[in-house]
1. Conditions: (1) more than 15 Å from LYS208 (Cα to Cα); (2) touching a Cys at 6+ places or on another chain (Cβ under 6 Å). VAL301 meets all but one. Number of the miss?
2. Among the residues of the range 289-310, which ones are farther than 18 Å from PHE87 by Cα and touching a residue at least 60 places away in the same chain (Cβ under 8 Å)?
3. I'd like to check something: does the range 58-80 contain any residue that is surrounded by fewer than 24 Cβ atoms within 10 Å (Cβ to Cβ), without any contact (Cβ under 8 Å) to a residue 12 or more places away in the chain and out of contact with any strand residue (DSSP E or B) (no Cβ under 8 Å at 6 or more places or on another chain)?
4. With the structure loaded, tell me whether PHE264 is aromatic (Phe, Trp, Tyr), out of contact with any Lys or Arg (no Cβ under 8 Å at 6 or more places or on another chain) and within 15 Å of ARG211 (Cα to Cα) or whether it fails that test.
5. Going through the range 1-57 one residue at a time, which ones are polar (S, T, N, Q), buried (at least 24 other Cβ atoms within 10 Å of the Cβ) and at pLDDT below 95?
6. Hey, any hits in the range 300-310 for a residue that's within 16 Å of the chain's Cα centre (by Cα), modelled with pLDDT of 95 or more and closer than 22 Å to VAL159 by Cα?
7. Kindly evaluate LEU274 against the criterion of being in contact with a helix residue (DSSP H, G or I) (Cβ under 7 Å, 6 or more places away or on another chain) and either of a type in the set (Ser, Thr, Tyr) or more than 26 Å from VAL167 (Cβ to Cβ) (or both).
8. Quick check on my filter: what residues within the range 340-349 are buried (at least 17 other Cβ atoms within 10 Å of the Cβ) and touching a Leu at 6+ places or on another chain (Cβ under 9 Å)?
Amino acid sequence: MRVAIFGAGGIGGWLGIRLQQAGVDVVFIQRGAHGAAMASHGLKLQVLNKEEELETLELSVKVYSDVTAAVAAGEKVDCCVLCVKTFQVAQSASVCAPILTQNGFLVTTQNGISGPGDAAGVIGHARVIASTCLVLSYVKEPGTVCMQTKPNIWCIGEVFDAEGKDVADARSTRVDALHAAVSKAEGISLNVGQGQPVPNMWLALWDKASRMCSTGPISALTRSSLDGMANSPQTMKLLRSVTLEIVNVAAKSGCALTDDPIKFVEGRLNWQGLKSGTTVSTLRDFVVGKQSEVPELCSGVIDAAEKVNTPVPTMEFILAALLPQERRARGEYVYSLDGVPGGVPHVVPKEETAPSKVPSVGPNASKSSDCASSKTAEDPSTPGDAPPEAAAEGQKTCNAPSEAGSQAATQMPPESTTETKA
């Protein structure tokens, strides 16, 4: 099996280098300084146990700055793993279509539940399988990905039949083939270490959504670290409410996560030992005025709730409260705040010295700096000290806005920045 990794950040770099180490023929699509470093010096993976380095893996890799260049060089793959943010999926699916063989397929990796449908809407349901990743990883510097030794989980499975209907059985010939390739790789655990493909991929997506579609948006809403949220009973009450809504929608959608939703939610929000300052990428994006995953994370749940006639008032409130700043970050309505230093609703980075400067959006969006000292953990059950993860998981596709941009530009995954994904 030949595999393409579209975006070699914390997720893509980890998966790609481990697959190549196991003998899989891997092609990376990554532009910018990170891609250039990979082309010149190869890709390095540093594996840590907290601060102690356990392993360093360095491999020469085949990397292209965009899909057009890869296809021009004769590259074709059986599987392309989309390691991008939720708001990049549809565009990335379109960009990656030419590199797939006739029976090739895409693998989504995104938080929330909208990713598979977004990809299928572009390339067809029969050419999409889904996955979830649980890992603490980031781009330490161009050409180097750093990760904690645990967790290192990748769950993979079918989600649609050829007609586009949801399927409960995650197994298939192509999933088994991909599983066989991954099972030979060191440092990747399949299906929470059980060694078999997850039996129901939708169940796995909803399970992760119960974490990510609640914690991320509320962290952005409160502008708080996870420990700050945990120290506020009122905030935790709000978090319990929205998590319970997600669990109920999942159950009504045929994916019951538990027989006791309230006990399940209480257990999920038992953040014992949470380190001070632990943040998620949704908060970091919001605080600095960057485009975030909030609309996709929230709307995915709201849309699913409408299909099963289940009210989600807390989720609707959170989305409504966050939309004005999100629309500003996306350039849809760039308002200013009279009487507020800088006139912006977010923290102005130090390099933005002009008080009236508006953060870039669209084709020439600026990149964030490496926040290597940040404490991050996308999954509250596995908090860690890893800095925010980088590359394609982080930024919206720079030089490729959703409604405009040249063909050459849309072939490029985002340049490496700093985000975390789990």
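The values are calculated or read from the model by the stated rules, or taken from the named source; none is laboratory data. Just so it is clear, the structure is predicted and the values come from calculations on it, not from any experiment. Cβ coordinates were reconstructed from backbone atoms using ideal geometry, including for glycine residues, and neighbour counts include every protein chain displayed.
1. All conditions pass for VAL301, except number (1).
2. Hits for the range 289-310 are ALA305, THR310.
3. Yes, that holds for at least one residue.
4. yes
5. none
6. Checked the range 300-310: at least one residue is within 16 Å of the chain's Cα centre (by Cα), modelled with pLDDT of 95 or more and closer than 22 Å to VAL159 by Cα.
7. Considered against the rule, which asks whether it is in contact with a helix residue (DSSP H, G or I) (Cβ under 7 Å, 6 or more places away or on another chain) and either of a type in the set (Ser, Thr, Tyr) or more than 26 Å from VAL167 (Cβ to Cβ) (or both), LEU274 comes out as yes.
8. VAL344
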